[in-house]
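*Asks:* Sharing a structure here in structure tokens format.
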Amino acid sequence: MSAAPAVPFAGSADPSPVAGFVRQSAAIAEAELRKLGRDPTELLTRAVQPALWLIVFGGVFTRIRAIPTGNLSYLEFMAPGVLAQSVLFISIFFGIAAIWERDLGIVHKLLVSPAYRGALVMGKALSAGLRALSQAVIIYVLALVMGIHLQFGPLALLDVAAIVMLGAALFATFSLCVACIVKTRERFMGIGQVLTMPLFFASNAIYPLAIMPPWLRVVARLNPLTYVVDALRGLMVQGGHSAFGAGADVALQAAGFAVLLTFAAKLYPGLVR
């Protein structure tokens, strides 16, 4: 069990609240990424699931041509959905780390520091986004090996990275909100497991909205993962397009993240009670 990281906020002398918020968020993100540096095997284990989805599930459904995907092969259609799923899975259990930190006393140290509560949450959301970028690298490597035609231009890659980070931040802050409410690892794990599969299957990750029954189409339009997939499909795939428009996808995700960040910042001190 690793020792608690030092609290980097005492004696802040930032010239503005914005600069202080940015500096504190970056410090939290850096501390989170140091944990990943001590145990890089997490990145390797995270590669197994997307590989199975693309190689096994994608390979089978490409052969039977059971799902209409327009001018895209099923693997091309599915690759952005698998990336979005990986982003969801890497972020939705982020809240359990906050519960562990509370039990180790780290949260107490952070809360008695002069840091902005929103910066504590933003830093964790940022670290979730940076972790999720590793999943994008895995998907692109698999795409090269499997002959999936993705966009590899610098602008497209930067846009994909931005969407991945925004989606991960959205789900990580949602996860922190849940952790602050339930407060125990056992309850959190149960809720996390209940949420992940419905979010994935009630989205456009592995089949288009057009073939869904009407009730499921309504649910999918309320599902934030749908807009992560839609944005990625328009940016990643050669010949792919966004059904809702990239601007709408980004705006909805950003609005959801802003709301969840506000709630998580208010709830975070209650995690220790």
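*Asks:* Can you run down the residue pairs with Cβ atoms below 7 Å, 6 or more apart or on separate chains, where the first is in region 215-227 and of a type in the set (A, V, I, L, M) and the partner is surrounded by 15 or more Cβ atoms within 10 Å (Cβ to Cβ) and not in a helix (DSSP H, G or I)?
*Replies:* Between residues of region 215-227 that are of a type in the set (A, V, I, L, M) and residues that are surrounded by 15 or more Cβ atoms within 10 Å (Cβ to Cβ) and not in a helix (DSSP H, G or I), the close pairs are LEU216/ALA202; VAL219/ALA202; ALA220/ALA202; ALA220/SER203; ALA220/ASN204; ALA220/MET212; LEU225/SER203; LEU225/ALA205.
*Asks:* Within the bounds of region 170-181, is there any residue that is more than 18 Å from MET122 (Cβ to Cβ) and either surrounded by fewer than 17 Cβ atoms within 10 Å (Cβ to Cβ) or in contact with a Pro (Cβ under 7 Å, 6 or more places away or on another chain) (or both)?
*Replies:* There is at least one residue in region 170-181 that is more than 18 Å from MET122 (Cβ to Cβ) and either surrounded by fewer than 17 Cβ atoms within 10 Å (Cβ to Cβ) or in contact with a Pro (Cβ under 7 Å, 6 or more places away or on another chain) (or both).
*Asks:* If you don't mind, there's one more thing I want to ask. So which pairs qualify, if the first residue must be in region 38-60 and on the phi < 0 side of the Ramachandran plot, the second must be of a type in the set (Asp, Glu), the Cβ gap must be under 8 Å, and the two must be at least 6 apart or on different chains?
*Replies:* Close Cβ pairs satisfying both conditions: none exist.
*Asks:* What's the number of the condition GLY58 fails, among (1) modelled with pLDDT under 90; (2) under 29 Å from LEU158 (Cβ atoms); (3) among the small types (Gly, Ala, Ser); (4) within 18 Å of the chain's Cα centre (by Cα)?
*Replies:* Every listed condition holds for GLY58 apart from (4).
*Asks:* Taking helices (runs of 4 or more DSSP H) that do not extend beyond region 87-190, which have at least 2 residues that are under 19 Å from the mean Cα position of the chain (by Cα) and modelled with pLDDT of 90 or more?
*Replies:* Answer list for region 87-190: 117-146, 154-182.
*Asks:* Ok, one more. Can you pull out the residues in region 217-233 that are touching a helix residue (DSSP H, G or I) at 6+ places or on another chain (Cβ under 9 Å), in a helix (DSSP H, G or I), farther than 12 Å from VAL250 by Cα and not β-branched (Val, Ile, Thr)?
*Replies:* Within region 217-233, ARG217, ALA220, ARG221, ARG233 qualify.
*Asks:* Give the residue, chosen from ALA231, ALA251, that is of a type in the set (A, V, I, L, M), in contact with a Leu (Cβ under 9 Å, 6 or more places away or on another chain) and over 30 Å from VAL107 (Cβ atoms).
*Replies:* Answer to the selection: ALA231.
*Asks:* Looking only at region 242-249, decide whether some residue is under 27 Å from LEU150 (Cα atoms), under 19 Å from the mean Cα position of the chain (by Cα) and crowded, with 21+ Cβ neighbours inside 10 Å.
*Replies:* yes
The values are calculated or read from the model by the stated rules, or taken from the named source; none is laboratory data. No experiment lies behind these values; they were computed from the predicted model shown. So basically every Cβ, Gly included, is an ideal-geometry build from the backbone, and we count neighbours across all protein chains shown.
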